[in-house]
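Q: Mind looking over this structure? Questions follow.
The values are calculated or read from the model by the stated rules, or taken from the named source; none is laboratory data. No experiment lies behind these values; they were computed from the predicted model shown. Quick reminder, even Gly has a Cβ in these numbers, built from the backbone with ideal geometry, and neighbours come from all protein chains shown.
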């Protein structure tokens, strides 16, 4: 455990040479996830399937051409009714073919179906875009979780080592009679607790690495870390209500719901077309060949061409069309309610994300100041302990506060960056360039 952490620390500290080259960055992990993540692969396949709705809808407006052919062997035995004693029989072959073309001239249900297909494709593309944005967020979150867990392990290890030093000093001071056994026992208890915390942190880091592997499909011995003292930019525009307005229209979940509402609207139109007449252009050409038959005793070979229009007027369908119309209207109302819910959810997500960014930035500033103060307090307590004006317990408390503040600052920075990504996702503007911008903040 310890050699592994020291190797990682050296890589992150120096950031050069062969070790730095082996450290993966955020964009590298994202590219791996594009080709591995099962959720994204499923969404991509669903988008490919959804795009096929358009050619299927268009097919209903285009000509339908079919070819049929037949060949028959006929065996007929006939009795003349006026003279039952006279019987005739014949064996002959007949064959033929027919090519039929049907071109819809007026079929409202098919026009509605074509418009519906366009909306289905739009919904599919929006869902795929949402899946891609979700992958960006999931990759970033998994990456940040590893960095946070690594920081927790680093802090736990450093804290345990520092407590071990304090424990040894307390033991030596007790042996010479300058410290009490209470301080030794307190240092020992803190050391045992720090050891347990280090084990937990090491296990948590292993779990977070496996979660990253689940997304990207690879083990990453080391990851590039955030630069120290980086300034996280505020969201632009720096106005929560403008982000909410953008989310209500631009969030891809809203766009998908809007497309589904259009699908439902066109379904109503399609079902109402069941009450309307339909008009088709019908053309056919065929040939029939027959050997000598029992009637004429001669064969025949005929070719025919037919062109015309066919009008169909629905009269009564047992109430099925009216019921289908009522059903489609109810489903349209459901789609409209789903659209309202999507807009409200997008607005809530935008508000939460914006508040998360604002609170995160404020927390980062406060923790940066707290870290400086904690470091100063730790140094002062160490100096005071050396000159005998501070106890070992006070040094340990200052030490724990310093490492706790360091962890909280790292977490606040990572959480703020994650909230920025979620905010842009809520507005529908999140893309790979946003991930590249965060990648530029790494060492």
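Q: For residue 100, all conditions in the list (1) assigned to a helix (DSSP H, G or I); (2) more than 18 Å from residue 256 (Cα to Cα) hold save one; what is the number of the exception?
A: (1)
Q: Taking the conditions exactly as written (in contact (Cβ under 8 Å) with a residue 24 or more places away in the chain and either touching a helix residue (DSSP H, G or I) at 6+ places or on another chain (Cβ under 8 Å) or closer than 30 Å to residue 327 by Cβ (or both)), does residue 227 satisfy them or not?
A: no
Q: Scan region 251-276 for residues that are surrounded by fewer than 17 Cβ atoms within 10 Å (Cβ to Cβ) and assigned to a helix (DSSP H, G or I) and jot them down.
A: If the condition is that a residue be surrounded by fewer than 17 Cβ atoms within 10 Å (Cβ to Cβ) and assigned to a helix (DSSP H, G or I), then 274, 275 are the ones that fit.
Residue-by-condition table, conditions (1) touching a helix residue (DSSP H, G or I) at 6+ places or on another chain (Cβ under 6 Å); (2) crowded, with 18+ Cβ neighbours inside 10 Å; (3) part of a helix (DSSP H, G or I):
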residue	(1), (2), (3)
110	no, yes, yes
116	yes, yes, yes
125	no, no, yes
135	yes, yes, yes
146	yes, yes, yes
154	no, yes, yes
167	yes, yes, yes
192	no, no, yes
196	no, no, yes
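Q: So for region 179-188 (the condition being on the phi > 0 side of the Ramachandran plot and assigned to a loop (DSSP other than H, G, I, E, B)), does at least one residue qualify?
A: Within region 179-188, none of the residues are on the phi > 0 side of the Ramachandran plot and assigned to a loop (DSSP other than H, G, I, E, B).
Q: Quick check on residue 429: is it assigned to a loop (DSSP other than H, G, I, E, B) and in contact (Cβ under 8 Å) with a residue 24 or more places away in the chain?
A: Criteria met by residue 429.
Q: Quick one: is residue 71 farther than 30 Å from residue 390 by Cα and either without any contact (Cβ under 8 Å) to a residue 40 or more places away in the chain or outside any helix (DSSP H, G or I) (or both)?
A: In short, yes.
Q: Quick check, is residue 300 modelled with pLDDT under 95 and surrounded by fewer than 16 Cβ atoms within 10 Å (Cβ to Cβ)?
A: yes
Q: Further question: What tally of residues in region 198-234 results from selecting those that are outside any helix (DSSP H, G or I) and within 26 Å of residue 161 (Cα to Cα)?
A: Residues meeting the conditions: 9.
Q: Which of the residues belonging to region 137-183 are over 16 Å from residue 211 (Cβ atoms) and at pLDDT 95 or above?
A: none
Q: Between 342, 412, 335, 398, which is at pLDDT below 95, buried (at least 17 other Cβ atoms within 10 Å of the Cβ) and within 27 Å of the chain's Cα centre (by Cα)?
A: 412
Q: Something else now. Mind checking which residues of region 381-396 are assigned to a helix (DSSP H, G or I) and touching a helix residue (DSSP H, G or I) at 6+ places or on another chain (Cβ under 8 Å)?
A: Within region 381-396, 381, 382, 384, 385, 392, 393, 394, 395, 396 qualify.
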